[in-house]
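The values are calculated or read from the model by the stated rules, or taken from the named source; none is laboratory data. Just so you know, these numbers come straight off a predicted model, no measurement behind them. Every residue, glycine among them, receives a Cβ derived from its backbone with ideal geometry; neighbour counts consider all protein chains shown. Remember, those area values only see protein heavy atoms, side chains included, never the ligands or the DNA or RNA. Shrake-Rupley method; radii C 1.70, N 1.55, O 1.52, S 1.80 Å.
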Amino acid sequence: MQENKAQKVIEEVKKAFIGKTECVEKLMTAILAGGHVLVEDVPGVGKTTLALAFAKAMSVAQNRVQFGRIQFTPDLLPSDITGLNYYNQKAGEFQFRPGPVFANIILADEINRTSPKTQAALLEVMEEGSVTVDGVTRPVPSPFLVIATQNPVGSAGTQ
């Protein structure tokens, strides 16, 4: 059954990402192994298209799977991806506002364009499967998968 779903996802991805079947199959292998995926290549070759096609195809293959996208920029802060506590004046208390990592499938686009501190926040969520904000630990949904893209080191704006 798992193999059937995987093959359906691959076929859907190949409709959007044409000509690189081996790349698509390797990405599915990593996903089935329970890992996260980093796609590195020069700008303009379809890294984001590949990741987005996989995320959307997997969302369709599995019911109630949430998709989130984070565009990494130099000014992105760790709390922008993990979430933060804010003061709600109406309630008179602090409340947690979850960040985009609280989805099942995350497209982390151009991760090496942001600061090492923000990269570390994402890596921690990937490793731990949870987010800790102000001493409170919250699990991310299951399944949890990050498909990240990055440009080669030395490209303009990379960290």
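What number of residues within the stretch 101-132 satisfy the criterion of being part of a strand (DSSP E or B) and farther than 20 Å from LEU27 by Cα?
Residues of the stretch 101-132 part of a strand (DSSP E or B): 105-109, 130-132.
Remaining after also requiring farther than 20 Å from LEU27 by Cα: 130-132.
Here the count works out to 3.
Please determine whether any residue of the stretch 100-109 is at pLDDT 90 or above, of a type in the set (A, V, I, L, M, F, W, C), open to solvent by 60 Å² or more (accessible area, probe 1.4 Å) and within 26 Å of ALA6 (Cα to Cα). Among the residues of the stretch 100-109, not one is at pLDDT 90 or above, of a type in the set (A, V, I, L, M, F, W, C), open to solvent by 60 Å² or more (accessible area, probe 1.4 Å) and within 26 Å of ALA6 (Cα to Cα), which makes the answer no. Applying the criterion of at least 2 residues that are of a type in the set (Lys, Arg) to the helices (runs of 4 or more DSSP H) found wholly in the stretch 9-100 leaves 47-61. Considering the stretch 116-139, the residues that are over 13 Å from the mean Cα position of the chain (by Cα) and open to solvent by less than 30 Å² (accessible area, probe 1.4 Å) include one that is nearest to PRO74 (Cα to Cα), namely THR118. Of all residues in the stretch 106-124, those that are touching a residue at least 60 places away in the same chain (Cβ under 8 Å) have Cβ atoms under 7 Å from Cβ atoms of residues that are open to solvent by 50 Å² or more (accessible area, probe 1.4 Å) and among the charged types (D, E, K, R), 6 or more apart or on another chain, in ASP109/ARG69. LEU107 falls short on exactly one of the conditions (1) more than 28 Å from ALA53 (Cα to Cα); (2) touching a strand residue (DSSP E or B) at 6+ places or on another chain (Cβ under 6 Å), and that condition is (1).
Yes/no matrix, rows are residues, columns are (1) open to solvent by less than 70 Å² (accessible area, probe 1.4 Å); (2) within 18 Å of the chain's Cα centre (by Cα); (3) farther than 14 Å from MET58 by Cα:
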residue	(1), (2), (3)
ALA6	yes, no, no
VAL13	yes, yes, no
ALA16	yes, no, no
THR21	yes, no, yes
LEU32	no, yes, no
LEU38	no, yes, yes
PRO43	no, no, yes
GLY46	yes, yes, yes
